Amino acid sequence: MLSACGGGNNGAKSPGDYVDPNIGGVAPLLTVVTPQVNRPNSMVRIFPVTRPGLTDTYFSDRLYGINLNMPKYRMGGVTAIVPTSGELKTGFEESSSWSDHDLEEVHPWMHSVVLDDYGINAKWTSTERASIFDFTYNDGRQANILFRISAPGQITVSDNSVISGYESVEYAKQYFYAVLSQPFENSGTWKDGQVSEAKSAEGGNIGVWLTSNKAKNAEVRIGISYISVEQAKANLEKEVADKSFATVVNESRNIWENALGKIKVKGGTEREKRIFYTSLYRVYERMVNISEDGKYYSGFDRQVHEDEGIPFYNDDWIWDTYRNAHALRMILNPKQEGNMLDSYVRMYEQSGWVPNFPELTEWSVGPWGGEPMIGNHTSSIFAEALIKGVDNFDIEKAYEGARKNSLEGTMVPWRSGPAREIDLFYNENGYFPALAPGEDEPYPYVDNNFEKRQAVSVTLEHSYDDWCLAQIAKKLGKEDDYNLFMKRSENYLNLWNAQTGFFSPKNAKGEWIANFDPQNCDGIGARSYFAEVNAYVHAFHVQHNIPKLIELMGGNEKFIGRLDDVYSRGPREGKWRFMGIMPDATGLQGLMPAGNEPAFHVPYLYNYAGAPWKTQHRVRQIADVWFDDRVTGLPGDEDGGALCAWYVFSAMGFYPVSPVSGEYAIGSPIFEETTIDLPNGKTFTVKAPDASKKNKYIQSAKLNGKPLNRPFITHEDIMQGGTLEFVMGSTPNKKWGLEI
């Protein structure tokens, strides 16, 4: 294994050696990531069951089992396996065990823990649709294995060695088929805590138990399916069959080393490499390929379909990932990206709408009442793919769906479906109307308790999305649509208040909301008017027309001053009070939250106003201060790969500020050399000799041997291969990069 993966190459570390899935296990404020075992973009994602309700899962002293899978990103596991020893106990608390992180080994391809209360060494590994668990019983007591189902489901044990069934995931089902390496002596089931020798149970809070006084070791091989138990069995037999645990670990590691090794870095510190490759690992988590033997279950029409040779993907949070994660995949694996976009097209054909948060099941059926967040950002990834030459999906059908979303769908935060009264107002007046603080919400479909209208952000983000649609329309020769969407793309101008210098809320009468406070706004997270951020942050959310934004703010010098101010101006009433009303403002730097998505592109905006050296300073500052290789190493919520994709791009030295433009703004490369292995067999290399914490400023640059004085490169520059060379220094060269 070491030879195959590079770990035995004179002691040199491979990319996988730098990955630590526990980074981010303690949150700065809100949610955490989990230490998952999975293959890149695979259906199976295994992770430990920790104490319920504990935000920082890393601090859970007890292990309550291992989830067989995470069907929906960050939405919890479904069906758990629990090894114990001694007297049979099936209760959630009583079957748990103390487990010390200092005794565990965790990688993307394998995780092992010690269950101290039971003297058990437990480890697991996975393929795309199956897994192997290995339990070694060391204390001489009776060996036990539990399978626990919480949501409504069904479970059966046969021959004291085969366990099968399903657990509901809302209206979908996760089926499983498990085989023990040897039969245990006794088995049965339980329901609502009542243990019996019955071999089958149905309903919620059920499980299977198996016991043995002989077993010293047990392997459990498990197949997962969203189609049927029979398909789960087929997945098991196809992917793990008679392979040993070590063989599957080796195969999984090789797959990960190949995926991570598409970007190779030299120089930098060990800490920076750990952050970089762990970030890249996180980006590979989504989207998820759920095709099984040429078929897939779709939650968008609740049917099983033939995939016709094209894998079907779901599990994506577009409000987050349109900013950078899709752009990274368009470089590393454009064919896979095209398959993902093709999946969006199929979702549209099946449901009548293009989802922006596609999961195993539709969000509108759950307790939220509709898709999370705001915007129509599939328009962005469709347009970006078209501009960047990703063409293995039906762009005409994709455009049809995204166009329908824009003109006929609702814009109301966390809602789905057709346009309503408030959306028709937007279509007629060019902005989303706002309410005054405390004003009664007249529309019952608006969540007036928490999410509220987010009126300014809705206008800003749909303006960008309509610009994206205009770019598609132009490419497809739809001139009338191009003109329509270009006009709608200027709707952000309707909320620019020149007197205050902020995008500000207007009521339905066209009047500015009186006494508007751009810092605290109104609602938790400023949600009456903005999406998780305040007016200071979303003042910079005009990705599609940055020159116009600079003009609105009074030209380059004043624009630069605004950027400086937002990074250095602290909350007026103190940080602790501010964070209490702005819980998403994690990684807070001045008033700019490094850990929240609307802030990701902002440090790169200096490039557009004649101060690239300030982008170099600011990007390195954010990367150095807010990202770390410790368990507390993420500055905010990792909402599906976007936060980590920011670090990957920034460490390489460039970032997609406006993804559809086809350009990347140059920052400050962290490593002395970064090489991207492109799918066409070429490489793109960024060389920055002497790059360091101090030597973060670009003195000069060359692209393929020719002087480069623009702080931008294009997607074409990257994909045709070549070399981008920087001379780095400890003081800024304020004359470099002034060509726009």
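General observations
- GLY268 being open to solvent by less than 20 Å² (accessible area, probe 1.4 Å) and either assigned to a helix (DSSP H, G or I) or not hydrophobic (A, V, I, L, M, F, W, C) (or both): no
- Residues that are assigned to a loop (DSSP other than H, G, I, E, B) and surrounded by fewer than 21 Cβ atoms within 10 Å (Cβ to Cβ) within the stretch 43-58 comprise ARG51, PRO52, GLY53, LEU54, THR55, ASP56, listed in sequence order.
- Candidates are the residues of the stretch 106-116 that are open to solvent by less than 20 Å² (accessible area, probe 1.4 Å) and not β-branched (Val, Ile, Thr); the one that is farthest from ALA246 (Cα to Cα) is LEU115.
- Contacts under 8 angstrom Cβ, first residue in the stretch 383-397 being under 19 Å from TYR482 (Cα atoms) and touching a residue at least 60 places away in the same chain (Cβ under 8 Å), partner outside any helix (DSSP H, G or I) and open to solvent by 20 Å² or more (accessible area, probe 1.4 Å), 6 or more apart: ILE395/LEU476; GLU396/LEU476
- Being outside any strand (DSSP E or B), at pLDDT 95 or above and open to solvent by less than 20 Å² (accessible area, probe 1.4 Å) is a property that PHE135 lacks.
- Residue, farthest from GLU672 (Cα to Cα), within the stretch 705-721, restricted to residues that are open to solvent by 20 Å² or more (accessible area, probe 1.4 Å) and outside any loop (DSSP other than H, G, I, E, B): GLU716
- Figure legend. Inter-residue proximity from the stretch 547-574: first residues touching a residue at least 60 places away in the same chain (Cβ under 8 Å) and under 18 Å from PHE503 (Cα atoms), second residues part of a helix (DSSP H, G or I) and of a type outside the set (Gly, Ala, Ser), beta-carbon distance below 8 Å, spacing 6+ or different chains. Indicated pairs: PRO547/TYR608.
- Considering (1) open to solvent by 40 Å² or more (accessible area, probe 1.4 Å); (2) at pLDDT 95 or above; (3) over 20 Å from TRP353 (Cβ atoms), the lone condition that ASN449 does not fulfil carries the number (2).
- Residues located in the stretch 409-446, provided they are of a type in the set (Asp, Glu), assigned to a helix (DSSP H, G or I) and open to solvent by 40 Å² or more (accessible area, probe 1.4 Å): GLU421, GLU428
- Enumeration of residues in the stretch 581-595 that are surrounded by fewer than 24 Cβ atoms within 10 Å (Cβ to Cβ), touching a residue at least 40 places away in the same chain (Cβ under 8 Å) and either touching a Cys at 6+ places or on another chain (Cβ under 7 Å) or not in a loop (DSSP other than H, G, I, E, B) (or both): ILE581
Here's the yes/no breakdown for (1) over 24 Å from ALA246 (Cβ atoms); (2) touching a Ser or Thr at 6+ places or on another chain (Cβ under 7 Å); (3) open to solvent by 10 Å² or more (accessible area, probe 1.4 Å); (4) of a type in the set (Asp, Glu):
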position	(1), (2), (3), (4)
PHE92	yes, no, yes, no
ASP100	yes, no, yes, yes
GLU104	no, yes, yes, yes
TYR118	no, yes, yes, no
ILE145	no, no, no, no
ASN160	yes, yes, yes, no
TYR166	yes, no, yes, no
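- When we screen ASP316, ASP307 for residues that are under 19 Å from the mean Cα position of the chain (by Cα) and either open to solvent by 20 Å² or more (accessible area, probe 1.4 Å) or of a type in the set (Asp, Glu) (or both), the only hit is ASP316.
- Restricting the stretch 659-675 to residues that are open to solvent by 10 Å² or more (accessible area, probe 1.4 Å) and either acidic (Asp, Glu) or within 21 Å of the chain's Cα centre (by Cα) (or both), the residue that is farthest from VAL686 (Cα to Cα): GLU663
- Residue in the stretch 64-90 that is nearest to the chain's Cα centre (by Cα), counting only those that are surrounded by 24 or more Cβ atoms within 10 Å (Cβ to Cβ) and over 26 Å from ALA172 (Cα atoms): PRO83
- Restricting the stretch 466-515 to residues that are open to solvent by less than 50 Å² (accessible area, probe 1.4 Å) and polar (S, T, N, Q), the residue that is farthest from ILE422 (Cα to Cα): GLN471
- Considering the conditions (1) without any contact (Cβ under 8 Å) to a residue 24 or more places away in the chain; (2) part of a loop (DSSP other than H, G, I, E, B), VAL114 is excluded by exactly one of them, (2).
- Of the residues making up the stretch 688-701, those that are closer than 20 Å to TYR604 by Cα and open to solvent by 70 Å² or more (accessible area, probe 1.4 Å) are LYS693, LYS694.
- Here PRO35 fulfils each of the conditions (1) of a type outside the set (Gly, Ala, Ser); (2) farther than 16 Å from ARG274 by Cα; (3) crowded, with 21+ Cβ neighbours inside 10 Å; (4) under 15 Å from the mean Cα position of the chain (by Cα) apart from (2).
- Subset of the stretch 603-642 [farther than 28 Å from PRO21 by Cα and part of a helix (DSSP H, G or I)]: TYR604, LEU605, TYR606, ASN607, TYR608, ALA609, PRO612, TRP613, LYS614, THR615, GLN616, HIS617
The values are calculated or read from the model by the stated rules, or taken from the named source; none is laboratory data. The structure presented is a predicted model; accordingly, all values stated were derived computationally and were not measured. Glycine gets a Cβ as well: all are built from the backbone with ideal geometry, and neighbour counts include every protein chain shown. We work out accessible area using only protein heavy atoms, side chains counted, and drop any ligands, DNA or RNA first. Shrake-Rupley method; radii C 1.70, N 1.55, O 1.52, S 1.80 Å.
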